[in-house]
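**Q** Quick one: the structure is below, questions incoming.
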Amino acid sequence: MSVKIKHFPGEEIETKDFREGKVLFESFRSKARYAWSAGIAVSRFLEELKNGRILASTCSKCGRIMVPPRIYCEKCFKPTDGWTYVKDTGIINTFSVSFIAADASRLKEPVVVAVIELDDASPGMGIVHWLGEYGDWREIKIGMRVQAVWKPPEERTGAITDIKYFKPLKE
Amino acid sequence: MDMFGKKRVAIVGAGVTLFRRNLKETGKELAYHAAKMALEQAGMELRDIQSVVMGSAPDAFDGVHMKGEYLADGAGAYHKPYMRVFVGGGTGVFAPIAGWWHVASGQFDTCLVVCEEKMSSCYPHPQYAFTTIFDPILERPIGMNLIWIFALEMNRYMHKHNIKKEDIALVSVKNKRNALDNPIAQLGANITVEDVLNSEIMAWPVQRLDVSPTSDGAAAVVLVSEDVAKEVTDNPIWIDGVGWCIDSTHWTNRDLYYPDYVEYAARMAYKMAGIKNPPKEIDVAEPYDPFDYKELHHMEGLLLCKKGEAPKLTKEGVTQRDGDLPICPSGGLLGCGNPIAAAGLMKVCEIFWQLRGEAGKRQVPGDPRTGLAQAWGDLMQYGSVIVLRR
């Protein structure tokens, strides 16, 4: 890229090399399994999802009500000192309408994911989840009010997916 | 702490390979080519180098874990003090910062910094390898992908300042056009705003032509102390400011419309370089632009303009190569391609060449004296900034 440099190295593999099978592929599936610890705070959060409630933790120094909950306040760097429930309603902070799957392949039907700012949590405190029952995705707006749609209690397993999705509230 | 270090540090050579979707060279071979070019431009040999810093972003892209060790030979680290730095997309500018402290500390007089990325090894798409960066308990069950979270950020940015997609698309138009003058570029093109707006939707509001491509490539720079610089060149480019900062992993608890961590990193670098009025004192900048909105977002975080003002400056032509504040004259990632860590270091190389007046058709007018490169990475949380002066 310097005028003093006349040659830039690099040779491309051509598309026909792929077509003609001249490129070696190797599939590797790791046999590693993981048992992640959800941790002290998020374990309690997951237990409460089974009960249809959203748990937050609080910091008495900065006054924040935090979701997802944690056992320390990263701003004050001290232990959080309380637990409280927040509502399962909130507003769409931002959203995206994805036409691609995790492997970047095309989806027939788009998936809508959003950051939901939950009511009673500190301003801007949100969790990421799907939207559902939204009709035409072009009608979704930032600031729209939404509410969690829960799985029936007997189907809940203590996972973030105990909430099926958030749906727009008719107002 | 003395922020200025013990010694002044200069860049005396730079090298970049072609950026392409599928290169025949291995990562080690690419690293070797870039390192060799940088040494040749510096008029130095590997035996003159006392330490080596390697930067490469996610291991999962090319399926080789502990990539620093794997790439060491190509990076010229044979029997030398060596370290890898790794802060996702921020790596390409953080690696020369790490090289800077090697030399500024007085520990070494010379340091070779090499960044490499080979994304095209991963099929069907490196996106998939990225799913493991999310929180395993709360985020992965949602099936997150990276384009989604950038779409979330872009949407928030557009909402907060009432920015239209056509104004953001101008960045992609500008950078792809700039890349036509760059011999390494993968995606130089003359496109229009309509082309961007009509391109396939990936994750609204992100469309195909809003995004940089998957690429392979490598870049390298040679850093030396002031004494060595005087011996090897009449034309050293000084690293006058460095800054870096990370934000919380709780990205759903942040307002994504503005990158605070970029501002903190920039303030650190400006303080060190004695810059009080960035838009006036910076002659040319290469903010990180893997997406078109990111160039605007980062111009604001770098205090090159007010919050929400970057689209207006772009529209007025201020950020064109011949504008008052040329932004990404190289063609950026949107035009050159995005081999992640190499792309960030390519920006440092471009500023180096711009300040030396060696950028050829890409040269910004007006005899630039001060330039800036910036990179961004991790879960939308990391900023690294470097200020260079002639």
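The values are calculated or read from the model by the stated rules, or taken from the named source; none is laboratory data. Model, not experiment: these values are computed from the prediction. Here Cβ is always computed from backbone atoms with ideal geometry, including for glycine, and neighbour counts include all displayed protein chains. Calculation scope for accessible area: heavy atoms of the full protein, side chains included, ligands and nucleic acids excluded. Shrake-Rupley method; radii C 1.70, N 1.55, O 1.52, S 1.80 Å.
**Q** Among the residues of the range B:189-204, write down those that are within 24 Å of the chain's Cα centre (by Cα) and either crowded, with 21+ Cβ neighbours inside 10 Å or assigned to a helix (DSSP H, G or I) (or both). Steps first, answer last, please.
**A** We begin by selecting, within the range B:189-204, every residue within 24 Å of the chain's Cα centre (by Cα); these are B:189-191, B:196, B:202-203.
Scanning the range B:189-204 gives B:Val196, B:Met202, B:Ala203.
**Q** Scan the range B:242-269 for residues that are among the acidic types (Asp, Glu) and within 25 Å of A:Val67 (Cα to Cα) and jot them down.
**A** Step one: filter the range B:242-269 for residues among the acidic types (Asp, Glu), giving B:247, B:255, B:260, B:263.
Hits for the range B:242-269 are B:Asp247, B:Asp255, B:Asp260.
**Q** Still on this structure: For the structure I just gave you, tell me whether A:Ile13 is over 15 Å from A:Gly82 (Cβ atoms) and among the β-branched types (Val, Ile, Thr). Outline the logic, then answer.
**A** Numbers: over 15 Å from A:Gly82 (Cβ atoms): yes; among the β-branched types (Val, Ile, Thr): yes.
Yes: the conditions hold for A:Ile13.
**Q** Six or more apart or on different chains, Cβ atoms under 8 Å: show the pairs whose first residue is in the range B:117-139 and part of a strand (DSSP E or B) and whose second is of a type outside the set (Phe, Trp, Tyr) and modelled with pLDDT under 85.
**A** Filtered contacts from the range B:117-139: B:Lys118/B:Asp62.
**Q** Now a separate question. Restrict the check to the range A:155-169 and report whether at least one residue is touching a Ser or Thr at 6+ places or on another chain (Cβ under 8 Å) and buried (at least 18 other Cβ atoms within 10 Å of the Cβ).
**A** Residues of the range A:155-169 touching a Ser or Thr at 6+ places or on another chain (Cβ under 8 Å): A:169.
Still in the running and buried (at least 18 other Cβ atoms within 10 Å of the Cβ): none.
No: the range A:155-169 contains no residue that is touching a Ser or Thr at 6+ places or on another chain (Cβ under 8 Å) and buried (at least 18 other Cβ atoms within 10 Å of the Cβ).
**Q** Ok, one more. Mind checking whether some residue in the range A:65-87 is within 15 Å of B:Asn253 (Cβ to Cβ), assigned to a loop (DSSP other than H, G, I, E, B) and in contact (Cβ under 8 Å) with a residue 40 or more places away in the chain? Can you show your working first?
**A** Within the range A:65-87, the subset within 15 Å of B:Asn253 (Cβ to Cβ) is A:65-70, A:72-76, A:80, A:86.
Among the residues that remain, those that are also assigned to a loop (DSSP other than H, G, I, E, B) are: A:67-70, A:74-76, A:80.
From the residues that got through so far, the ones that are in contact (Cβ under 8 Å) with a residue 40 or more places away in the chain too are A:67-68.
The answer is yes, given that some residue of the range A:65-87 is within 15 Å of B:Asn253 (Cβ to Cβ), assigned to a loop (DSSP other than H, G, I, E, B) and in contact (Cβ under 8 Å) with a residue 40 or more places away in the chain.
**Q** Applying the selection to the range B:140-179, what residues are among the aliphatic types (A, V, I, L, M), assigned to a loop (DSSP other than H, G, I, E, B) and modelled with pLDDT of 95 or more? Spell out the reasoning first.
**A** First pass over the range B:140-179, keeping only residues among the aliphatic types (A, V, I, L, M): B:142, B:144, B:146-147, B:149, B:151-152, B:154, B:158, B:163, B:168-171, B:173, B:179.
When the remaining residues are screened for being assigned to a loop (DSSP other than H, G, I, E, B), the result is B:144, B:163.
Answer for the range B:140-179, where residues must be among the aliphatic types (A, V, I, L, M), assigned to a loop (DSSP other than H, G, I, E, B) and modelled with pLDDT of 95 or more: just B:Ile163.
**Q** Has the range B:210-232 got any residue that is under 19 Å from B:Val113 (Cβ atoms), among the hydrophobic types (A, V, I, L, M, F, W, C), open to solvent by 10 Å² or more (accessible area, probe 1.4 Å) and at pLDDT 95 or above?
**A** Yes, the range B:210-232 has at least one match.
**Q** Now, a different point. For the range B:218-238, give me each residue that is away from chain A (no Cβ under 14 Å), more than 25 Å from B:Gly74 (Cα to Cα) and either among the hydroxyl-bearing types (Ser, Thr, Tyr) or outside any helix (DSSP H, G or I) (or both). Show your work before the answer.
**A** Looking only at the range B:218-238, we keep the residues that are away from chain A (no Cβ under 14 Å), and these are B:223-232, B:236, B:238.
Add one more test, that the residue is more than 25 Å from B:Gly74 (Cα to Cα), and what stays is B:226-227, B:230-231, B:236, B:238.
Matches in the range B:218-238: B:Pro236, B:Trp238.
**Q** Any residue that is crowded, with 21+ Cβ neighbours inside 10 Å and within 13 Å of another protein chain (Cβ to nearest Cβ) - is there at least one of those in the range B:50-58?
**A** So in the range B:50-58, the residues crowded, with 21+ Cβ neighbours inside 10 Å come out as B:51-58.
Then drop every residue that is not within 13 Å of another protein chain (Cβ to nearest Cβ), which leaves none.
So far as the range B:50-58 goes, no, none of its residues is crowded, with 21+ Cβ neighbours inside 10 Å and within 13 Å of another protein chain (Cβ to nearest Cβ).
**Q** Looking only at residues that are under 22 Å from A:Gln147 (Cβ atoms) and under 20 Å from the mean Cα position of the chain (by Cα) in the range A:68-84, which one is farthest from the other protein chains (Cβ to nearest Cβ)?
**A** My answer is A:Pro69.
**Q** Keeping to the range A:23-40, report how many residues are modelled with pLDDT of 85 or more and within 11 Å of chain B (Cβ to nearest Cβ).
**A** The total comes to 6.
**Q** Being out of contact with any Pro (no Cβ under 8 Å at 6 or more places or on another chain) and open to solvent by 10 Å² or more (accessible area, probe 1.4 Å) is the filter here, so list the residues in the range B:315-341 that pass it.
**A** If the condition is that a residue be out of contact with any Pro (no Cβ under 8 Å at 6 or more places or on another chain) and open to solvent by 10 Å² or more (accessible area, probe 1.4 Å), then B:Lys315, B:Glu316, B:Gly317, B:Val318, B:Gly323, B:Asp324 are the ones that fit.
**Q** Working carefully through the options B:Ala151, B:Ala179, B:Ala169, find the one that is out of contact with any strand residue (DSSP E or B) (no Cβ under 9 Å at 6 or more places or on another chain) and among the hydrophobic types (A, V, I, L, M, F, W, C).
**A** None of the other options fit; the residue is B:Ala179.
**Q** Looking only at residues that are out of contact with any Gly (no Cβ under 7 Å at 6 or more places or on another chain) and aromatic (Phe, Trp, Tyr) in the range A:1-31, which one is surrounded by the fewest Cβ atoms within 10 Å (Cβ to Cβ)?
**A** The qualifying residue surrounded by the fewest Cβ atoms within 10 Å (Cβ to Cβ) is A:Phe25.
**Q** Kindly establish whether B:Gly344 is part of a helix (DSSP H, G or I), touching a strand residue (DSSP E or B) at 6+ places or on another chain (Cβ under 7 Å) and crowded, with 24+ Cβ neighbours inside 10 Å.
**A** Working: part of a helix (DSSP H, G or I): yes; touching a strand residue (DSSP E or B) at 6+ places or on another chain (Cβ under 7 Å): yes; crowded, with 24+ Cβ neighbours inside 10 Å: yes.
Against the criterion (part of a helix (DSSP H, G or I), touching a strand residue (DSSP E or B) at 6+ places or on another chain (Cβ under 7 Å) and crowded, with 24+ Cβ neighbours inside 10 Å), B:Gly344 qualifies.
**Q** Considering only the range B:138-183, state which residues are more than 17 Å from B:Asp289 (Cβ to Cβ), at the interface with another protein chain (Cβ under 8 Å from one of its Cβ atoms) and charged (D, E, K, R).
**A** Residues satisfying the conditions are B:Glu139, B:Arg156.
**Q** Ok, one more. Do we have B:Lys36 as more than 12 Å from every other protein chain (Cβ to nearest Cβ), open to solvent by 40 Å² or more (accessible area, probe 1.4 Å) and closer than 25 Å to B:Asn235 by Cα here?
**A** Taking the combined requirement at face value, the residue does not satisfy it.
**Q** I would also like to ask the following. If B:Asp240 passes every condition in (1) under 30 Å from A:Ile116 (Cα atoms); (2) open to solvent by less than 30 Å² (accessible area, probe 1.4 Å); (3) of a type in the set (D, E, K, R) but one, which one does it miss?
**A** It fails just one condition, (1).
**Q** Among the numbered criteria (1) within 13 Å of chain B (Cβ to nearest Cβ); (2) touching a Leu at 6+ places or on another chain (Cβ under 8 Å); (3) over 22 Å from B:Gly143 (Cβ atoms), which single criterion is violated by A:Thr89?
**A** In the conditions (1) within 13 Å of chain B (Cβ to nearest Cβ); (2) touching a Leu at 6+ places or on another chain (Cβ under 8 Å); (3) over 22 Å from B:Gly143 (Cβ atoms), A:Thr89 misses (1) alone.
**Q** Report, by residue number, each residue of the range B:356-390 that is free of Cβ contacts under 8 Å to residues at least 40 places away in the same chain, open to solvent by less than 10 Å² (accessible area, probe 1.4 Å) and over 22 Å from B:Trp100 (Cβ atoms).
**A** If the condition is that a residue be free of Cβ contacts under 8 Å to residues at least 40 places away in the same chain, open to solvent by less than 10 Å² (accessible area, probe 1.4 Å) and over 22 Å from B:Trp100 (Cβ atoms), then B:Ala359 is the only one that fits.
**Q** Counting only residues that are among the basic types (Lys, Arg), give me the helices (runs of 4 or more DSSP H) lying completely in the range B:268-330 with at least 2 of them. Break it down into steps so the answer makes sense when it comes.
**A** Details: elements: B:278-281, B:292-301, B:310-315.
Helices (runs of 4 or more DSSP H) meeting the threshold: B:310-315.
**Q** Suppose we keep only residues that are over 23 Å from B:Ile386 (Cα atoms) and polar (S, T, N, Q) within the range B:247-267. Which one would you say is surrounded by the most Cβ atoms within 10 Å (Cβ to Cβ)?
**A** B:Thr252
Residue-wise test of (1) open to solvent by less than 10 Å² (accessible area, probe 1.4 Å); (2) closer than 26 Å to A:Val113 by Cα; (3) not acidic (Asp, Glu).
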{"residue": "A:Ser60", "(1), (2), (3)": "no, no, yes"}
{"residue": "A:Ile65", "(1), (2), (3)": "no, yes, yes"}
{"residue": "A:Gly82", "(1), (2), (3)": "no, no, yes"}
{"residue": "A:Tyr85", "(1), (2), (3)": "no, yes, yes"}
{"residue": "A:Gly90", "(1), (2), (3)": "yes, yes, yes"}
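**Q** Name the residue that is most open to solvent (accessible area, probe 1.4 Å), counting only residues in the range A:94-139 that are facing chain B (nearest Cβ under 7 Å), among the hydrophobic types (A, V, I, L, M, F, W, C) and in contact with a His (Cβ under 8 Å, 6 or more places away or on another chain).
**A** The first filter runs over the range A:94-139 and keeps only residues facing chain B (nearest Cβ under 7 Å), leaving A:94-100, A:102-105, A:113, A:115, A:124-130.
Remaining after also requiring among the hydrophobic types (A, V, I, L, M, F, W, C): A:95, A:97, A:99-100, A:102, A:104, A:113, A:115, A:125, A:127-128, A:130.
Pick out the ones that are also in contact with a His (Cβ under 8 Å, 6 or more places away or on another chain) and you get A:104, A:113.
Working: A:Ala104: 30, A:Val113: 0 Å².
Per the criteria, the residue is A:Ala104.
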